[in-house]
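Nothing in this text is a laboratory measurement; each read-out follows from the coordinates by a stated rule. This one's a predicted model, so the numbers in the text were calculated from it and none came from an experiment. Using ideal geometry, Cβ is built from the backbone for each residue, glycine included, and neighbour counts are taken over all protein chains shown.
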Amino acid sequence: METQLDPMKDDLPLMANTSYMLVKHYILDLDVDLKSKVIEGIIVLFLETGSEYRKTSITGKEGCQSQFDETCKMRASEPCHIPMTNVSACSSKTEYSDFAVCGKGEEDTSDKNGNHSNEEQASGISSSKDCCDIENHGNKDFLLVLDCCDLSVLKVEEVDVAAVSGIEKFTRSAKLTDVSKELENLRNQIVHELVTLPADRWKEQLYYFTCCSQAPGCGELLFTTGTWSLEIRKSGVQTPADFPHAIRIWYKTKPEGRSVTWTTDQSGRPCVYTMGSPINNRALFPCQEPPVALSTWQASVRTAEGFVVLMSGENSAEPVQLQEGILSWYYYVTMPMPASTFTIAVGCWQEVKQQSFTAAVQTNSEFSLPTSQADFRWHDEICGHVEYPCRFQNPAARLQAVIPYRVFAPWCLMEHCEERLLQLIPQCLSAAYITLGTHPFSRLDVLIVPSNFSSLGMASPHIIFLSQSVLPGGSHLCGTRLCHEIAHAWFGLAIGARDWTEEWISEGFATFLEDIFWARAQQVRASSVEEQELKALLRWRRLRDEVQNSEEELQVLR
């Protein structure tokens, strides 16, 4: 029986065995049904063997070690193989917010939604659950463990990426053979070559990711679902290196899923948005939740006509009509990010635009900076992060004080947003640029979320959620909150903690920078001394209260 969580003291269980398999790219193909309050479709995962497995293989040592240096034990769960009927074939996403502990886990032993619980349930409450390299553990199959909760998993299969036209360029083999073992190795080799393409070939990479995601299946995989995890195995495969590196999962969310909020907007229209707290995105799609598991993604989302899909994506998506009454929206991300930063919002949002051309020109010219005030980074500086199409190496991006931005809101809040937000966003973006230099992300959407949103704001890649409560509070409240969320583009998104225990560092930097950004946005040197002292006093009192109500071990840096 799975251990129940105490929300007052237990942390979110991280189950994914990221030391042995890492998801490098996700492709989501989803339908959003606001009537039934369900998101369903497929997700394709492209994987690489993890560092711990490679290290174990090189040294030849027995056993395994999780990323938190805790001994792990292979679970001997019975496989779940569900006959499929009426499953359609494949047709064609910190957020950054305060981390909250989850509510009590629910024991799920029902199979009414196609789910079966584990025979032996996991109890790893505060550590990551790792499955081992099985070479020295008898003949048990390797398990790929994904973080998953409140999802109905319908089917899992291996993807035959070798069947994609033109994929031969990613193989070193002279020809294909009919030997099954060689074909399996070839498929994994293709995925490896694809996920390790140089950054300047990102468009080609996305194209072949898409082609591979639509390739035919080459065998169903066995899987087991528990309250907090999805375990996948292939019979006879005992090591991560031999495990399929491209898998397709059919699934659907549950209306009560804790990653997805179904509600109505301020105009009374149905909508849905995702907010990572309290369980990140594991009730939105099967994923690897630890922040060390960085990945890119693509997503195609279909919904009824009249609804707008906003998402963590580098492109400003335009809808494509698939059939009468159905629109499709496509987004992608080429900067590796934690899966918890993936965000989606679907609703009858209206884009708030400048009412006059003159006003738009004035806004854009007022905050353009001369070359002498451009990004202060050395032009020949090499970034130390993993390779991706980095804006810091793009001369045009280094001169962009105000990145392209859009504002979306329910119809009844359009006027408030036009009066307040449209004037503040370029000021705050420019102030952030003057302070920190090149914006890490190429564009920004700002959405006024429904009234049940539990925070003042939340930043995700390319999109910020703002509470409606900041709109009537005057320029100061709205502006400082905008500055805070913009600061998270650097601290919390582009730069983040390796695990959730040090997430406060990102919040600390954003809180510190919001005053600096806002002062520069107002084009004044600093706030009044009285205002600074008052804010410092309030923050000191908050810190004191935190210390008095937190366990001592949580107050010590590791």
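Using the Cβ-Cβ distance between residue 383 and residue 235 with R0 set to 60 Å, the FRET efficiency works out to roughly 0.90. 3J(HN,Hα) couplings calculated from phi for region 390-405 with the Karplus curve 6.51 cos²θ - 1.76 cosθ + 1.60 (θ = phi - 60°) are, in sequence order, 8, 5, 5, 9, 9, x, 5, 5, 5, 9, 8, 5, 10, 6, x, 9 Hz; Gly and Pro show x. Computed about the Cα centre, the dipole magnitude for region 241-299 is approximately 180 debye when only Lys and Arg (+1) and Asp and Glu (-1) carry charge, each at its Cβ. Out of 538, 475, 451, whose Cα points farthest toward the positive end of the dipole of region 447-558 (charges: +1 Lys, Arg; -1 Asp, Glu; placed on Cβ)? Farthest towards the positive pole: 475.
How charged is the neighbourhood of residue 288? Take every other residue with its Cβ under 11 Å from the Cβ of residue 288, and add Lys/Arg as +1 and Asp/Glu as -1.
Net of charged neighbours comes to 0.
Think of each Lys and Arg Cβ as +1 and each Asp and Glu Cβ as -1; about the Cα centre, that makes the dipole of region 464-558 roughly 400 debye. Here the spin labels are modelled as points 7 Å beyond Cα on the Cα-Cβ line, and at residue 411 and residue 545 they lie 4.0 nm apart. Taken one residue at a time, the phi angles of region 473-489 give Karplus couplings (6.51, -1.76, 1.60, θ = phi - 60°) of x, x, 4, 5, 5, 5, x, 5, 5, 4, 4, 4, 5, 5, 4, 5, 4 Hz. Gly and Pro are set to x. When the Cα positions of 205, 225, 243 are compared along the charge dipole of region 180-251, 225 comes out farthest toward the positive end, with charges on each C-beta of Lys, Arg, Asp and Glu. Around the amide H of residue 308, modelled in the peptide plane, lie the amide H atoms of 347, 348, 349, all under 5 Å away and 5 or more residues distant in sequence or on another chain.
Please find the FRET efficiency linking residue 504 to residue 476, where r is the Cβ-Cβ separation and R0 is fixed at 25 Å, and quote it to the nearest 0.05. Once the sixth-power term is evaluated, E becomes 0.50.
Rounded to the nearest whole Hz, the Karplus-based 3J(HN,Hα) values (6.51 cos²θ - 1.76 cosθ + 1.60, θ = phi - 60°) of region 337-344 follow the sequence 9, x, 4, 5, 8, 5, 9, 9, with x at glycine and proline. Packing order of peptides 320-332, 25-37, highest average first: 25-37, 320-332 (average count of other Cβ atoms within 10 Å over each peptide's residues).
Spacing of the modelled spin labels on residue 318 and residue 538, each 7 Å from Cα toward Cβ, amounts to 4.4 nm. Specify whether the C-alpha gyration tensor of region 232-301 places it in the rounded, prolate or oblate class, a ≥ b ≥ c being the square roots of the eigenvalues: rounded for a/c under 1.5, otherwise prolate if a/b is larger than b/c and oblate if not. Prolate is the answer for region 232-301, as a/c is 1.5 or above and a/b outweighs b/c. The slack between residue 454 and residue 530, meaning 0.36 nm per residue of separation minus the straight C-alpha distance, is 24.4 nm.
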